[in-house]
1. Exactly one condition in (1) under 29 Å from TRP86 (Cα atoms); (2) under 24 Å from the mean Cα position of the chain (by Cα) is false for ARG408; which is it?
2. Determine if region 385-392 includes at least one residue that is among the hydroxyl-bearing types (Ser, Thr, Tyr), in a loop (DSSP other than H, G, I, E, B) and either in contact (Cβ under 8 Å) with a residue 60 or more places away in the chain or surrounded by fewer than 20 Cβ atoms within 10 Å (Cβ to Cβ) (or both).
3. Looking at VAL190, VAL270, which is the one that is closer than 19 Å to HIS137 by Cβ, surrounded by fewer than 21 Cβ atoms within 10 Å (Cβ to Cβ), under 21 Å from the mean Cα position of the chain (by Cα) and β-branched (Val, Ile, Thr)?
4. Looking at (1) more than 22 Å from THR318 (Cα to Cα); (2) in contact with a strand residue (DSSP E or B) (Cβ under 7 Å, 6 or more places away or on another chain); (3) surrounded by fewer than 21 Cβ atoms within 10 Å (Cβ to Cβ), which is the only condition GLY144 fails?
5. Among the listed residues LYS57, LYS109, LYS113, which satisfies the condition of being assigned to a helix (DSSP H, G or I) and either crowded, with 21+ Cβ neighbours inside 10 Å or not aromatic (Phe, Trp, Tyr) (or both)?
6. Answer yes if at least one residue in region 256-277 is in contact (Cβ under 8 Å) with a residue 40 or more places away in the chain, assigned by TED's automatic domain parsing to the domain that holds THR385 and over 30 Å from THR34 (Cβ atoms), and no otherwise.
7. Answer yes or no as to whether PRO177 is assigned to a strand (DSSP E or B), assigned by TED's automatic domain parsing to the domain that holds VAL235 and at pLDDT 95 or above.
8. Looking at region 341-352, can you tell me whether even one residue there is outside the structural domain of TRP185 (by TED's automatic domain parsing), touching a residue at least 40 places away in the same chain (Cβ under 8 Å), within 28 Å of THR319 (Cβ to Cβ) and basic (Lys, Arg)?
Amino acid sequence: MLTKLGVLGSAMAFALTTTTPVFAGTAEVIHWWTTGGEAAALKILVEAYEKTGNTWKDNPVAGGEAARMVARTRILGGDPPTSMQWQVGAPLMALAEEGQLNDIDAAAKDWDKLLPKVIADNAKFEGKYVTAPMSIHGHNWLWGNQAVLDDVGIAMPKTWDELIASADKIRAKGYIPLALGGQSWQEIFVFESILIDVGGRDFLTKVTYDLDDAALRSPEMLKAFQTFAKVRDLVDPGSPSRDWNITGGMLISGKAAYMIMGDWLKGEFVAANKVPGKDIACEVFPAGGKTLVFGTDAFAMTAVKDPAAREAQLALATTIMDPVVQKEFSLRKGSIPPRLDVDKTGFDACAQIAMGEAAEGHLFLVPDNVTDATGIGALVDQMTTFLHSNMTPEEGMTAMADAVAATR
């Protein structure tokens, strides 16, 4: 049966079980891993892939948005790369709907058993895999400088009420309670953690996936805005527009007690000789919320038809999902493997917490990869506008609900 996916040559599937490829090819790969830690992780994948007899042609583009634009331009121009870093979920489905992707089911025989269901479901189009997931990054992590916490005499908070209650003690010792880079993509991690704290996973779903008007105007949302308003007093005056890594430096150096940021921040810890889970305490926040908001690094396979390019894609997909490759890659990048059967040995305490959350089915795909882009964009815009204003919680809630409603 013909589908919108590119044609998969079944004769190439057997090549994956051989040492020497039948059609040794070159995979040109567009990605945005350009920093030192990312490059070290990528080297694991590249070396493993080239052992299959294929060649990796590197095409790095700084910044995810820029890299996706380059890939999209190449596709529309009729000169697609072999593979490209791309989000799972809605952004991936949009490409597949246009017939711009090949399926890689020949390399994905056991993936349904190996991957969390939320990743497997969002890596497929019409029931077939079109992308290979490389790593998972959790977003709603609360990090605490252990030396600061010890000096103040407090433990890591489990809830937002506990975090806010500790602020006076932290300030009294001369520290900033919360390090925050005032950019919308950083601030949404804070807001999402508040939504979980107020109403749990179901409320987060109604607000960020469903963009439900009743939820956006509910007593729970008002409480969320009341908590979010208090964040204004937890951060320092230099917060607006500050980059995440500079903000992370405040936590690492002991200027700030806490920071909410994705687990890629661990790369900064390691570079500063700080041990995650020891020197820098960690908590999926709020604790007990059974929700780890996450994004997945994955490589989509474009609709190339050349036999050598098709085998190169299948070999790449197989290499990406190799358990040793996933482990060694994640150890260097600060992520966790999508595969649920990867040995935890060698992973830091924080990564092992994340792996436990994944195994328990607590993963929650980042809303940008699920819901209407215009609607979630309006929500994020109003969220950051509120934080950088003197609006009351009631005004902030109404403005957000009205802005989202206007996109329908």
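1. Among (1) under 29 Å from TRP86 (Cα atoms); (2) under 24 Å from the mean Cα position of the chain (by Cα), ARG408 violates only (2).
2. yes
3. From the options VAL190, VAL270, the qualifying one is VAL270.
4. (3)
5. Criteria check complete, one pass: LYS113.
6. yes
7. Answer is yes for this residue.
8. No, region 341-352 contains no residue that is outside the structural domain of TRP185 (by TED's automatic domain parsing), touching a residue at least 40 places away in the same chain (Cβ under 8 Å), within 28 Å of THR319 (Cβ to Cβ) and basic (Lys, Arg).
The values are calculated or read from the model by the stated rules, or taken from the named source; none is laboratory data. If you're wondering where the values come from, they're calculated on a predicted model, not measured in any experiment. Positions of Cβ are backbone-derived with ideal geometry, glycine not excepted, and every protein chain shown enters the neighbour counts.
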